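Down below is the structure, laid out as structure tokens.
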Amino acid sequence: MFFVDTCESIYKIKSGLNAIQGLHQAMVEGGADPSSWMDGLYFVASELQKETDELEKLLDAEYNRRKAEGR
């Protein structure tokens, strides 16, 4: 399950980074005032923080499991 959970977490982080790149491009090239995109940036940054926290928990748990096994 560790591998699947880790891959899912990495996919979510990559998706969040792509969203930030898209928002940045819209801010630079779009016709709207860049400040109108701030809610979207905040949301993506918040979700990325949650996902990196989850990934950290997964990695810590796997590290501790392997350490307990003597690996």
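Think of the chain as a dipole: +1 on every Lys or Arg Cβ, -1 on every Asp or Glu Cβ, centred on the Cα centre; then among ALA26, ALA45, ILE10, ILE10 lies furthest on the positive end.
With Rh defined as the Kirkwood radius, the inverse of the mean 1/r over Cα pairs, the Rg/Rh of region 20-71 is 1.36. Quick check: the angle from helix 38-68's long axis to the longest principal axis of the chain, C-alpha only, nearest 10 degrees? Between helix and principal axis, roughly 10 degrees. The angle between the Cα long axis of helix 2-29 and the longest principal axis of the Cα atoms of the chain comes to about 10 degrees, rounded to the nearest 10.
Using just the helices of the chain, give the 222 nm mean residue ellipticity in deg cm²/dmol: DSSP H runs with n ≥ 4 each add -39,500 (n - 2.57), and the total is spread over all residues, rounded to 500. Walk me through the numbers on the way to the answer.
Details: 2 runs with 59 residues, N = 71.
Helix-only estimate at 222 nm: -30000 deg cm²/dmol.
Carbon-plus-sulfur accessible fraction, the chain (probe radius 1.4 Å, protein heavy atoms only): 60%. In a reduced charge model with +1 at each Lys and Arg Cβ and -1 at each Asp and Glu Cβ, the chain shows a dipole moment near 380 debye about its Cα centre.
Summarising the label geometry, the points placed 7 Å from Cα in the beta-carbon direction at ALA61 and VAL4 lie 1.3 nm from one another.
Send over a whole-number figure in Å² for the accessible area per residue of the chain, probe 1.4 Å. Walk me through the intermediate numbers first.
On the way: 5520 Å² over 71 residues.
The answer is 78 Å² per residue.
The values are calculated or read from the model by the stated rules, or taken from the named source; none is laboratory data. Worth saying up front: this structure is predicted, and the values here are computed from it rather than measured. Cβ coordinates were reconstructed from backbone atoms using ideal geometry, including for glycine residues, and neighbour counts include every protein chain displayed. Surface accessibility is based on the protein's heavy atoms, side chains included, excluding ligands, DNA and RNA. Shrake-Rupley method; radii C 1.70, N 1.55, O 1.52, S 1.80 Å.
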